[in-house]
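Please read the structure below before turning to the comments.
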Amino acid sequence: MSVSLRAKLVFIMVLLIILLMTVVLVFLTRGVSDFYTDEFYRRMEAVFSDRDMTDALREAAGEPDAVDRMREILDVYAGLLGIDIGTRNYYILDGGTGAFLAGSDPEAARAPAATRNVLRALTGETAFGSGGSREYMDVAVPIIAADGRARFVVYIYDNRQTARNQSAEIFRLIIEAVAVGFVISAAISLILSKALLQPIQGITKAAEAMAGGDFSREISVESNDEIGTLARTFNMMASQIESTLEELKKAERLRREFVANVSHELRTPLTGIRTYAETLAENADIPEETAGEFLRVILNESDRMANIVRDLLELSRFDAGSAELKSEEFSIERSIRDVYTAIALDARKRGHEMNIGMERELPTVRGDRARIEQVFMNVLTNAVKYTPAGGRVDITGGVSGDSVWVRVSDTGIGIPPEDMLRVFDRFYRVDKARTRESGGTGLGLSIAREIIARHGGKIDIDSSPGVGTSVTISLPISGKTRGGAV
Ligand code: ADP
């Protein structure tokens, strides 16, 4: 059987109230009874230690109408003794036999049998002992006439009815209080449990919605307590899962795009190769010059395919984290100058003006020299490629904080702002037809970014269409790298 949290809460509250009331009840009734007993004995001691009274009694005991005289005296002290006839009475007993002689109790028959205190008083002892009885309280005081002949016992007996009545009254009150407390605690715990459980129900609903794939449901957090924390944590978890899912979906979309791109990029040169090869195979009478042209196209296209496959392999190695990077200390300035020299001829052929100048001597960096040069080569080739004939390419370098930077600026066609973020995407090319012509695969910058990132550096592009582009590569200066990832 499953009991709802709410029922449990109500049950606990009610149980607590009942327990509390029971404890109060026990203590109160005990307290009342003890108080009553103490009060009785205190009062008896006070009255019987009053010499005036005991002397008067003793004197009266010597008189012939001793019993009547003693009655008169005791009646005078009845108020002090708390004699109320109903529950507390005095009795005058025979000092020798303990027989009842007189008393305040109109029904003499109700006179108590010889109690322990009476028996003790008969031996001449003043008996105040409570005797451990819960049924009654009594004191017995022997009164002996001055001449020693007459002997009586003055006996006060309380049947405890008052204490019992009071306890019963308290009991009744407590039971009433329990009943009221029961109703109030049930009502309060119902309201309280509702307030407590509402957010939990909210969380349950949201969790159910999540199970159904809906992450949009936000739980309103109204408190700062544990439930509030739970709700907040839940919201955080939901948004985390949602964003992870989004990322996964995005990754999946990119993967599909990538596969589609790869297929497309490989099919295009393949189609070319096939068309030219077929033409050559089917037409034996093609002029040698044309055939040579066709063969060059075939070679170019297969080179392209080889390049794409090489770049893809490189990227997949980076993705898998299995790309081995060498770690050597080298002069970055030497590297950029080497790449500059290698490309200068091509730039000149296109009528570009090329300059290289550093702000200062560049410090060395630690990393894979060949790969860094590959990055420079890609960036410089792009600058030369995407700048119309007669443009200008400047290479500068410097130090900024812990990093050394190299910047390649051109006066080329630039990159439209909407494409800026995407040029690092795999296969992304601003102008597909044109870049294909220039032999680009659209993978160069993706690989460059991977290489630079693996060296703990970064690559930034700044460009305005029709004005030019500048690509800045920063790398940590060797000895200042953290973690030694390379
Ligand atoms: P690609 O092999 O096609 O050059 P990259 O990844 O190196 O591939 O570059 C991606 C695209 O970014 C290029 O196709 C080109 O459109 C653009 N791009 C890169 N560098 C420049 C530049 N210096 N000027 C203008 N466009 C550039």
* Structure fact -> Residue pairs within 8 Å by beta carbon, gap of at least six or interchain, first lying in the stretch 421-437 and closer than 18 Å to ARG310 by Cα and part of a helix (DSSP H, G or I), second more than 8 Å from the ligand (Cβ to nearest atom) and modelled with pLDDT of 85 or more, listed first then second, are ARG436/THR268
* Go through THR396, THR435 for me and flag whichever is modelled with pLDDT under 90, out of contact with any His (no Cβ under 8 Å at 6 or more places or on another chain) and either within 10 Å of the ligand (Cβ to nearest atom) or not basic (Lys, Arg) (or both). => THR435
* **Which numbered condition ASN224 misses (of (1) part of a helix (DSSP H, G or I); (2) open to solvent by 70 Å² or more (accessible area, probe 1.4 Å))** => (1)
* Mind listing whichever residues of the stretch 23-40 are surrounded by fewer than 16 Cβ atoms within 10 Å (Cβ to Cβ) and within 27 Å of ALA127 (Cα to Cα)? => ARG30, GLY31, ASP34, PHE35, ASP38, GLU39
* Structure fact -> Just one listed residue, out of ILE73, ILE18, ILE85, ILE92, is on the phi > 0 side of the Ramachandran plot and either open to solvent by less than 80 Å² (accessible area, probe 1.4 Å) or part of a loop (DSSP other than H, G, I, E, B) (or both), and it is ILE85
* Does the stretch 283-306 include one or more residues that are surrounded by 15 or more Cβ atoms within 10 Å (Cβ to Cβ) and within 26 Å of SER474 (Cβ to Cβ)? -> no
* Asked: Quick check, is ARG366 assigned to a strand (DSSP E or B), away from the ligand (no atom under 16 Å from the Cβ) and not hydroxyl-bearing (Ser, Thr, Tyr)?
  -> yes
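Residues are listed down the side, and each one gets a yes or a no for (1) of a type in the set (Lys, Arg); (2) within 30 Å of MET13 (Cβ to Cβ):
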residue	(1), (2)
SER189	no, yes
ALA195	no, yes
GLY213	no, no
GLU218	no, no
THR233	no, yes
ARG274	yes, no
* If you check LEU312 against the conditions, is it of a type in the set (A, V, I, L, M), surrounded by 18 or more Cβ atoms within 10 Å (Cβ to Cβ) and within 15 Å of ILE473 (Cβ to Cβ)? -> no
* **SER316 being among the hydroxyl-bearing types (Ser, Thr, Tyr) and either in contact (Cβ under 8 Å) with a residue 24 or more places away in the chain or under 30 Å from ARG392 (Cβ atoms) (or both)** => no
* Asked: Does SER403 qualify as being within 16 Å of the ligand (Cβ to nearest atom) and either open to solvent by less than 40 Å² (accessible area, probe 1.4 Å) or in contact with a strand residue (DSSP E or B) (Cβ under 7 Å, 6 or more places away or on another chain) (or both)?
  -> no
* Select from the stretch 414-424 the residues that are near the ligand (Cβ under 9 Å from one of its atoms) and either of a type outside the set (A, V, I, L, M) or out of contact with any strand residue (DSSP E or B) (no Cβ under 8 Å at 6 or more places or on another chain) (or both) and list them in ascending order. => GLY414, ASP419, ARG422, PHE424
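The values are calculated or read from the model by the stated rules, or taken from the named source; none is laboratory data. What you see is a predicted model, and the numbers here were worked out from it, not measured in a lab. Heads up, the Cβs are rebuilt from the backbone with ideal geometry, glycines too, and the neighbour counts pull from every protein chain shown. Surface accessibility is based on the protein's heavy atoms, side chains included, excluding ligands, DNA and RNA. Shrake-Rupley method; radii C 1.70, N 1.55, O 1.52, S 1.80 Å.
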